[in-house]
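Accompanying notes for the structure given below.
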Amino acid sequence: MSKFSRFMKGNKKKKENGFYAPTESLCDEATGKPLEWEFRHLTSKENDELRDSCTIEVQVTGKPNLFRPRLNSSRYINKMICAATVSPDLQDADLQNSYGVMTPEDLLYAMVDDSGEYAELGTWMQKFQGFTRTLDDKVEEAKN
């Protein structure tokens, strides 16, 4: 038996999908309750790829050859939510057409069009993905 047997993939706990009703605008006809969406956990690699796709290099003022990374946090959270959404299928052409949009990111904005609900969804998603402090918390901390 290997001294690393406890670390083998077979011993790793499976993360269950989560359910959350991001908007009160979409309700079940029978019960009148907001529809729950299903979300999956993203892998560390998927998260890194999302973060990289939302990061640009900006020039440091007064330093001609010096750049620093800047994360577009709104875009990152939107892409994170889209990547984690299992149901509804944000890639579905009929669903996109019903809202007059052509991307999952725009569909998410159209379906959860209340800014307060959208902000709460972003906060819930970050906690669901294992971030104990939200991106907004980190931004506030960096400002101080």
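The values are calculated or read from the model by the stated rules, or taken from the named source; none is laboratory data. Because the structure is predicted, anything quoted here is derived from the model rather than measured. Neighbour counts run over all protein chains shown; Cβ positions are idealised from the backbone, glycine included. Accessible surface areas use protein heavy atoms only, side chains included; no ligands, DNA or RNA. Shrake-Rupley method; radii C 1.70, N 1.55, O 1.52, S 1.80 Å.
List the lysines whose Cα lies under 26 Å from the Cα of Lys12, skipping any in the same chain that are fewer than 8 positions away.
Straight-line reach from Lys12, under 26 Å: Lys3, Lys45, Lys127.
Counting C-alpha atoms alone, how compact is segment 1-103: give Rg to one decimal and Dmax as a whole number, in angstrom.
Looking at segment 1-103, its Cα Rg and Dmax stand at 20.1, 62 Å.
Any idea which of Gly122, Ser73, Val112 is furthest toward the positive side of the dipole for segment 72-122, if Lys and Arg beta-carbons carry +1 and Asp and Glu beta-carbons -1?
The one lying farthest along the dipole's positive direction is Ser73.
Relative contact order for the chain: what percent, with Cα pairs under 8 Å and sequence separation of 6 or more?
Computed over the chain, the figure is 20 percent.
Quick one: which residues, 5+ away or cross-chain, put their amide H under 5 Å from the amide H of Trp37? H built at 1.01 Å from N.
Tyr20, Ala21
Percent of Cα-Cα pairs per 10 Å bin, from 0 to the last occupied bin, for segment 45-86, please list those.
Binned Cα distances yield the sequence 29, 40, 22, 9, 1.
Taking a probe of 1.4 angstrom, what is the accessible area of Asp52 in Å², to the nearest 10?
110
Starting from the Cα-Cα distance between Asp89 and Glu29, subtract it from 0.36 nm times their residue separation and give me the gain in nm to one decimal.
Between Asp89 and Glu29, full extension yields an extra 19.6 nm.
Rounded, prolate or oblate, given the Cα gyration tensor of segment 75-125, with a/c below 1.5 counting as rounded?
Since a/c reaches 1.5 and a/b is larger than b/c, the shape of segment 75-125 is classed as prolate.
If DNA, RNA and ligands are ignored and the probe is 1.4 Å, what is the ranking of Ile56, Ile81 by accessible area, most exposed first?
These residues rank, largest area first, as Ile56, Ile81.
Please report the accessible area of Phe4 (heavy atoms, 1.4 Å probe, ligands and nucleic acids excluded) in Å², nearest 10.
For Phe4, the solvent-accessible surface is approximately 110 Å².
To the nearest 10 Å², what's Ser74's accessible area with a 1.4 Å probe?
70
To the nearest 20 debye, what is the magnitude of the charge dipole of the chain about its Cα centre, counting +1 on the Cβ of each Lys and Arg and -1 on the Cβ of each Asp and Glu?
1440
Give the residue list of trypsin sites (Lys or Arg not before Pro) in segment 33-98 that are DSSP loop and have at most 12 other beta-carbon atoms within 10 angstrom.
Answer by residue number: there is no such site.
Calculate one ³J(HN,Hα) per residue across segment 69-85 by plugging θ = phi - 60° into the Karplus curve 6.51 cos²θ - 1.76 cosθ + 1.60, and present them in order as whole Hz with x for glycine and proline.
Calculated HN-Hα couplings, in order: x, 9, 8, 7, 5, 5, 5, 4, 5, 4, 5, 4, 4, 4, 5, 8, 6 Hz.
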